[in-house]
Amino acid sequence: MEYRCVQCGFGIKKLYVQYSPGNIRLMKCENCKAVADEYVECELMILLIDLILHKTKAYRHLIHNALNQETGECKGLLWKSALGFLALDAYRCLLLEMARERWDSSMSFSSVTWTYVKILVDVFLGNLFLFCLLLLMMRISFTIPVGFSRHKDFILAILVSSYFKLFLLAMMIWEFPLSVVFIIDLFVLSSNAMALKVITESTMEKCIGACFTAHAAKFFVSHLLKWCFA
């Protein structure tokens, strides 16, 4: 995967030249003549703020320049991101289930176990439909760049762009209304759309439509499973 200029998306071979430890010179883009990636010298917090603000250049840095599938470290990152994504989604389902059934200490062990089984099936099948539908629409409706011809590149980009799910951890410490869960879902959807826009260089409206369709399919599968288990 070649690097990309965060300003215009033009391909670039190197982001910087290192003369000595701690002494680097950032490369300029041949297309727009601007610094190709200023995030190389920025703190992680600045990148995180720009990601939350949905800045295109921050997503270009994260997807094209920070994530490199050719390294063993990022191959491990794919599995870690997948496990973290599924764990956070399971916690989200648990919050909704607890609010719906009003858990208390009087619940039997078999009832709690059955609830956990339903959550695991919901998380697995729901996200299977989500990623399969996104991959299908990626193949049919979007132009796939050479660097993202492999499925794992695209899946990793969607997993990492779902970082808003981390805010669910705050609900372990502080009490929030249940509506916060759905607000986080909306932020995850918009962040996934930004990642899809950066990957395909397509319009934001088209990317939002694709992500909305995939997330709606996941929502439908989740409610269908609840109806089957009822």
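At a probe radius of 1.4 angstrom, the accessible area of the chain per residue rounds to 57 square angstrom. For semi-axes √(5λ) of the Cα gyration tensor in Å, computed directly from the structure shown, the correct entry in [x] 26, 23, 15; [y] 37, 19, 15; [z] 39, 25, 14 is [y]. The length gained on full extension between residue 229 and residue 94, counted as 0.36 nm times the residue separation minus their Cα-Cα distance, comes to 47.1 nm.
Run the accessible area of the chain with a 1.4 Å probe and give the carbon-and-sulfur part as a rounded percent. Carbon and sulfur atoms account for 67 percent of the accessible area of the chain.
In this structure, residue 206 and residue 108 have a Cβ-Cβ separation that, at R0 = 45 Å, corresponds to a calculated FRET efficiency of about 0.35. Distance from a point 7 Å along Cα→Cβ of residue 17 to each backbone N in the stretch 29-46: keep the residues under 17 Å and list them by number. Those under the cut-off are 29-31, 33-37. Among the DSSP helices (H) of the chain, those spanning at least 15 angstrom by Cα along their long axis with an average Kyte-Doolittle hydropathy of 1.0 or more are 109-141, 179-200; this is a geometric and hydropathy rule only.
Between exposed GluC sites (Glu not before Pro) in the chain, where DSSP calls loop and at most 16 other Cβ atoms lie within 10 Å, what's the longest gap? Maximal segment without exposed cleavage sites: 71-174. Figure legend: label point modelled 7 angstrom from the Cα of residue 136 along Cα→Cβ; residues of the stretch 208-227 with amide N under 15 Å from it are 210-222. If R0 equals 35 Å, the separation of the Cβ atoms of residue 216 and residue 34 corresponds to a calculated FRET efficiency of about 0.35.
Among residues other than residue 227 whose Cβ falls under 14 Å from its Cβ, what is the net charge (Lys/Arg +1, Asp/Glu -1)? Computed value for this residue: +2. Once each of the chymotrypsin sites (Phe, Trp or Tyr not before Pro) sitting in a DSSP loop with at most 16 other beta-carbon atoms within 10 Å is removed, the chain keeps 11-102 as its longest stretch. Each Lys and Arg contributes +1 and each Asp and Glu -1, all at the Cβ; summed about the Cα centre of the chain, the dipole is approximately 500 debye. Counting only residues at least eight positions apart within a chain, or on another chain, the lysines with an alpha carbon under 17 Å from that of residue 118 are 218, 226.
The values are calculated or read from the model by the stated rules, or taken from the named source; none is laboratory data. Everything numeric here is computed off the predicted structure, so don't read it as measured data. FYI the Cβ positions are ideal-geometry reconstructions off the backbone, even for glycines, and counts take in every protein chain you see. Just so you know, the surface numbers come from the protein's heavy atoms only, side chains and all, with ligands and any DNA or RNA stripped out. Shrake-Rupley method; radii C 1.70, N 1.55, O 1.52, S 1.80 Å.
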